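Engineer: Okay, handing you the structure first.
The values are calculated or read from the model by the stated rules, or taken from the named source; none is laboratory data. No experiment lies behind these values; they were computed from the predicted model shown. In this analysis, Cβ positions are derived from the backbone assuming ideal geometry, glycine residues included, and neighbour counts consider all displayed protein chains. Heavy atoms of the whole protein, side chains included, go into the accessibility calculation; ligands, DNA and RNA do not. Shrake-Rupley method; radii C 1.70, N 1.55, O 1.52, S 1.80 Å.
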Amino acid sequence: MSTPAVPSASGGLTTTSISVLLYSNDRSVRDAVRVGVGERPADDVVIERWKECATPEVALIEARDGDYDLLILDGESQPYGGMGVCRQLKNELFDCPPVLVLTGRPGDGWLATWSQADAVLSRPLDEARLTAAVADLARR
């Protein structure tokens, strides 16, 4: 569960600490996302905990029971992609955390809309866009 950012006595913002669930059957994608986002995607957002999942079954269980603040799902995962996982979670979880779906091509954005994703990024992953998307979703 995230720690909300609140104004400090000096007028600046404290950080929001979040936990992130990352689903991809491809280890290189998981590594690229973790390295791209880092531990601090923005001055006011810190990743406190990462949980990586390589199978859709574990991703669904973790999303339901793991108390995550943000889900990052690989739409190209096999045999069951992140877009299907996203749609299932959005329809089954009462208070589903924000979801960032990673697509294979920019033209797949319509599929991500179908999945009810809160944000979409297509490959190749751009670190600036990735960190901005994570920070934006963390602040919601």
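Engineer: If K90, K51 are ordered by their accessible area, calculated over protein heavy atoms with a 1.4 Å probe, which sequence runs from highest to lowest?
Structural biologist: Working: K90 45, K51 70 Å².
Solvent-accessible surface, decreasing: K51, K90.
Engineer: Positive end of the charge dipole of the chain (Lys, Arg +1 and Asp, Glu -1 on Cβ, about the Cα centre): tell me which of P106, M83, Y23 has its Cα farthest that way.
Structural biologist: Most positive-ward Cα: P106.
Engineer: With charges only on Cβ, +1 for K and R and -1 for D and E, what is the dipole size of the chain about its Cα centre, in debye, rounded to 20?
Structural biologist: Details: 14 positive and 21 negative charges, 38 e Å.
For this selection, approximately 180 debye.
Engineer: Which whole-number percent is the relative contact order of the chain (Cα, under 8 Å, 6+ apart)?
Structural biologist: That works out to 23 percent.
Engineer: While we're looking at this one, here's another question. Just grab the label-to-label distance for K90 and L13, each label 7 Å out from Cα along the Cβ direction, in nm (one decimal).
Structural biologist: 2.5 nm
Engineer: So, with a 1.4 angstrom probe, what is the percent of accessible area on the stretch 47-91 that is carbon and sulfur? Mind dumping the intermediate values first?
Structural biologist: Values: 910 of 2020 Å².
Ligands and nucleic acids excluded, carbon and sulfur give 45 percent.
Engineer: How are the C-alpha pair distances of the stretch 6-140 spread across 5 Å bins, as whole percents from the shortest bin up?
Structural biologist: 2, 11, 22, 24, 20, 11, 4, 3, 1, 0, 0
Engineer: Starting from the Cα-Cα distance between E39 and D65, subtract it from 0.36 nm times their residue separation and give me the gain in nm to one decimal. Spell out each step's value before the answer.
Structural biologist: On the way: separation 26, 0.36 × 26 = 9.36 nm, distance 2.30 nm.
Net length gain for the segment: 7.1 nm.
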